[in-house]
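The values are calculated or read from the model by the stated rules, or taken from the named source; none is laboratory data. Since the structure is predicted, the reported quantities are computational estimates derived from the model, not experimental observations. So basically every Cβ, Gly included, is an ideal-geometry build from the backbone, and we count neighbours across all protein chains shown.
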Amino acid sequence: MTEQAHETKSPAILEGIRVVDLTTGSFNYAGRLLAGLGAEVIKIESTEGDPLRHWGPFRDDKKDIETGGRHLHLDAGKRSIGIDLDSLEGQTLAKNIIGNCDVVLESFEPGYLETAGLSFESLTSSHTDLIMVSMSHFGQSGPYKDYHGSEIVDVAIGGYLRLTGEPDREPVKPYDDLVIQHTALHAATAAVVGIMHRDNTGEGDWFDVAAIDAALFLIGGPTQSYFFNGKVAQRNGNRLLFTEPQYLYPSTIRPCLDGYVHAHGNNRNQDLLAVLMPDIGLEPLFDTPMGNADKIDELMDLWLSTRDKFEVVRLAQELRLPFTEVLTPEEILRDPHLEERGFLVNLEHPLEPNLLQPGHAALMSETPWINRRAPLIGEHTDEILQTLLGIDEEERAELRDKGVIE
Amino acid sequence: MSAQALNKIRVLELTTAVAGPVAGCVLADMGAEVIKIESPGGRSLKSPGAPPPIEGAPDHPYNRTAFFNELHRGKKLLSLDLKHEDGKNIFLRLVETADVVMENFSPKIVGRLGIDYAELKKIKNDIICVSMPAFGKSGPYESRASYGPGIDAMSGLSHLTGFPDGNPGKPAQFYCDQNAGLTAALTVMGAVRHRNRTGQGQYIELAMLEGEMQLIAPALMDVMMNSRSTNRTGNRHDRFAPQGVYKCKGENEWVAITVRTDLEWQSLANLIGKPEVAKDNRFIDLDGRQMHHEDIDKLVENWTQTLTPQEAETVMQGAGIPAGALLNLNEAFTHPQFQHRNTLVHVEHPEMGTFPHTRTAWRSKNKNEGVAGPAPTFGNANKYVLSDLLNFSQEEQQKLKDLGIVSDAPLS
């Protein structure tokens, strides 16, 4: 187990909280966060493994269910038990494990857990202070509950997709599972809300987290401005979504000699931009910066085209202009800042011993952030069944023969 | 209406921009008393659109800007000049009564004001302090200036969002602020619980860049595993095909589709009235469909252009295929699923009347959800803080106002 560099004296924030993680795909980020905060997270996956394990990237593109990149990241810090949830015996095992836990995370299609005998009602009949967090695309009830979701469908209905991309082209989705992973962040937060509610009242709770809601939450500002003035924001490329002529510009991405920079004006002192790029005629355009955005781009591009991105950002930041480089993944891996902060960590997975991956989401002075490698399939099956349920070696062999556990 | 999970927890919020305020909103929604502290100098009125005052209400444009109302709902507002010695002393007395102090100033400003964790811990030993710097409190970029979209650029997200033949892209408005705000709320709640159990406060450092980079792992790993630089892939998916955004009947109308399996592909081919395409060997499996994605896109779009987004969505969902109309914000707000989930919460503002706010993505059986209330009017908690919490006399309060240390209206 590696911990952050800080000297810490105390146990992790969520030490002593036990979580059962039944999620799949990018919803797994919720359990990863809770494990980072120190909860014991037991990943119950099928005997063939969570489908997440089939997601890449894989070294040399060779599929191996132990070493998929997304699994290594999103399952970090968890323990794994393989259980066939389609079998009655498997369902009983899962129910008994949950009986020893504080929190359940799940992302099955709404209604599935009921058919597996694991609905919130049935779980809480004997375990009244259980906290359950259900994640789904559209929610556990309502007219769209049984609709089929995906990242791109969720961001479409959540109003987010129309706001991303260039105005003259079809909208474009954000990278990877951005909104589903954000949904999982809401779920992890809900779990801690549930724990605090339980501390106060002794009651459990059931949280229903929907990806379409997370999409709407992420939109932020343009939502409130619609309520106030009825203007429906539209995608605006890399410019901000508020297009009144007097509004701030630049805030955009422009090409330079060797790539792209994010160019941003100083809110309080727009003229600083003309100090950075002197004598090219910017000053008169700042009365209505957004209204002159095309012209400002044209002038900036000439200046930028002869300079590389690190030089541009260095010169801008010396003036406190919030320019940054648009970094590529290779550049990020060489980035001196992340290296000095120890953000990328090697979790020493036996089959991927030299891989770096994102570490802490937060640093705390007195309690550690826990980084521990992702588990092999069923790596902790024996230990969990023995210590939590007292199921001995002989019984386990029998369950294995029947294909109930792995 | 707010949840009760953070009942009796007092948060002092010294924040600018977006991430810090979002964290404060979530803590307020979960039942904390969040006191936002703002300079009496006033605030930027550069904000898109403002509704008129309701009848009988005073005309205070500074209370009606969109940004402020979005980012500070559910909070109280103390207008206090921290740069003045007396203002700073009031703040320090308030810290004695607080559980959490949250700031996202630049590291320099916090040092200059003399309100960093080491100082505040002397006043209240178990205080929880939260900083939300863009890049962190160490490293070569510690003092860099940046807003949300600039951090999106450095995280790799911009490079990875967009079409392969287009520029790097920005997801909607920006991503890292909302993400960092919620991550901060999560960590603060955990830290409050830790303090409740152990009596120990602490300092939390949440670098917005590092919260955001939790999303970038696959692209980083592809470099390390395969020396391959992931480029932008537009609307395509590495495990599903076809996936895309397709033009529908009408101007700027679209539907998003994800075909997850060979069977779903055959259903779609039949829906578009091309049973011979369903049997076409080029498209029979994922690899083939990835290879011929452009041909498939044309076939699919020829069909979607004859339908409205809602028609296309309904017929595909009926066949078990993930599909969704691209909704405008106004359409999302009246959508039956959002209505069912009560995603929007209407709260009454004393000067503008009733407006909706969007809440976090969860609903709970025990109502640990909700929006705590409207954004505060300027200085609405001045009296509460000075009289009720700190026992200042009327005279002393008047003196503070005369000196411009506290104000009931912007002084600029």
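Scanning the range A:195-235 for residues that are at the interface with another protein chain (Cβ under 7 Å from one of its Cβ atoms) and either among the small types (G, A, S) or under 23 Å from B:A184 (Cα atoms) (or both) yields a total of 25. Hey, does the range A:310-319 have a residue that's part of a loop (DSSP other than H, G, I, E, B), touching a residue at least 40 places away in the same chain (Cβ under 8 Å) and farther than 25 Å from A:G265 by Cβ? Looking through the range A:310-319, none of the residues is part of a loop (DSSP other than H, G, I, E, B), touching a residue at least 40 places away in the same chain (Cβ under 8 Å) and farther than 25 Å from A:G265 by Cβ.
Restricting attention to the range A:237-249, does a residue exist that is surrounded by 24 or more Cβ atoms within 10 Å (Cβ to Cβ) and more than 28 Å from B:A184 (Cα to Cα)? Yes. Looking across A:G25, A:G38, A:G16, one residue alone is over 14 Å from A:L85 (Cα atoms), assigned by TED's automatic domain parsing to the domain that holds A:E151, of a type in the set (G, A, S) and under 14 Å from the mean Cα position of the chain (by Cα). It is A:G25.
Sort out which residues of the range B:115-127 are closer than 16 Å to B:I37 by Cα and out of contact with any helix residue (DSSP H, G or I) (no Cβ under 6 Å at 6 or more places or on another chain), and write them in order of number. Result: B:I115, single match. Condition check: crowded, with 23+ Cβ neighbours inside 10 Å, assigned to a loop (DSSP other than H, G, I, E, B), out of contact with any strand residue (DSSP E or B) (no Cβ under 6 Å at 6 or more places or on another chain) and modelled with pLDDT of 95 or more. Does B:G181 satisfy that? Taking the combined requirement at face value, the residue does not satisfy it.
With the requirement that a residue be free of Cβ contacts under 8 Å to residues at least 40 places away in the same chain and of a type in the set (A, V, I, L, M, F, W, C), what does the range B:195-228 give you? If the condition is that a residue be free of Cβ contacts under 8 Å to residues at least 40 places away in the same chain and of a type in the set (A, V, I, L, M, F, W, C), then B:A217, B:M221, B:V223, B:M224, B:M225 are the ones that fit.
If you go through the range B:184-202 and keep only what is of a type in the set (V, I, T) and either touching a Leu at 6+ places or on another chain (Cβ under 8 Å) or in a loop (DSSP other than H, G, I, E, B) (or both), you end up with B:T187, B:V188, B:V192.
Mind telling me which of the residues A:A397, A:A374 ends up being buried (at least 18 other Cβ atoms within 10 Å of the Cβ), modelled with pLDDT of 95 or more and either over 24 Å from B:G148 (Cβ atoms) or not β-branched (V, I, T) (or both)?
Going through A:A397, A:A374 in turn, just one is buried (at least 18 other Cβ atoms within 10 Å of the Cβ), modelled with pLDDT of 95 or more and either over 24 Å from B:G148 (Cβ atoms) or not β-branched (V, I, T) (or both): A:A374.
For the range A:302-350, the set of residues classified as away from every other protein chain (no Cβ under 12 Å) and not aliphatic (A, V, I, L, M) consists of A:W303, A:S305, A:T306, A:R307, A:D308, A:E311, A:E348, A:P350, listed by residue number.
No other residue among A:E170, A:E203, A:E166 is touching a residue at least 12 places away in the same chain (Cβ under 8 Å), under 28 Å from B:A219 (Cβ atoms) and not in a helix (DSSP H, G or I) apart from A:E166.
Remark: pairs (first residue in the range B:348-359, within 18 Å of B:F378 (Cβ to Cβ); second residue among the hydroxyl-bearing types (S, T, Y) and part of a loop (DSSP other than H, G, I, E, B); Cβ separation under 8 Å; 6+ apart in sequence or on different chains) = B:P350/B:T377; B:E351/B:T377. Taken together, the residues in the range B:7-27 that are among the aliphatic types (A, V, I, L, M) and either farther than 18 Å from B:H357 by Cβ or at pLDDT below 95 (or both) amount to 7. Within the range A:7-32, the set of residues being at pLDDT 95 or above, over 30 Å from A:E109 (Cβ atoms) and either of a type in the set (V, I, T) or not in a loop (DSSP other than H, G, I, E, B) (or both) comprises just one member, A:I13.
Scanning for something more than 13 Å from chain B (Cβ to nearest Cβ), in contact with a helix residue (DSSP H, G or I) (Cβ under 7 Å, 6 or more places away or on another chain) and assigned to a loop (DSSP other than H, G, I, E, B), does the range A:45-58 turn up at least one residue?
no
A quick yes/no check of all residues on (1) modelled with pLDDT under 95; (2) outside any helix (DSSP H, G or I); (3) within 24 Å of A:S150 (Cβ to Cβ); (4) away from chain B (no Cβ under 14 Å):
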position: A:K63; (1), (2), (3), (4): no, yes, yes, no
position: A:H73; (1), (2), (3), (4): no, no, yes, no
position: A:A76; (1), (2), (3), (4): no, yes, no, no
position: A:I81; (1), (2), (3), (4): no, yes, no, yes
position: A:E89; (1), (2), (3), (4): no, no, no, yes
position: A:L105; (1), (2), (3), (4): no, yes, yes, no
position: A:L113; (1), (2), (3), (4): no, no, yes, yes
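Elements of the type helices (runs of 4 or more DSSP H) sitting completely within the range B:203-312 and holding at least 1 residues that are within 14 Å of chain A (Cβ to nearest Cβ): these cover B:208-212, B:217-226, B:262-271, B:286-291, B:293-304.
For the range B:224-246, does any single residue satisfy the condition of being under 33 Å from the mean Cα position of the chain (by Cα), more than 28 Å from A:I212 (Cβ to Cβ) and either charged (D, E, K, R) or in the same structural domain as B:A323 (by TED's automatic domain parsing) (or both)? Yes - at least one qualifying residue is present in the range B:224-246.
Against the test of being within 30 Å of A:R198 (Cα to Cα), touching a residue at least 12 places away in the same chain (Cβ under 8 Å) and more than 7 Å from chain B (Cβ to nearest Cβ), the options A:V155, A:V133 yield a single qualifying residue, A:V133.
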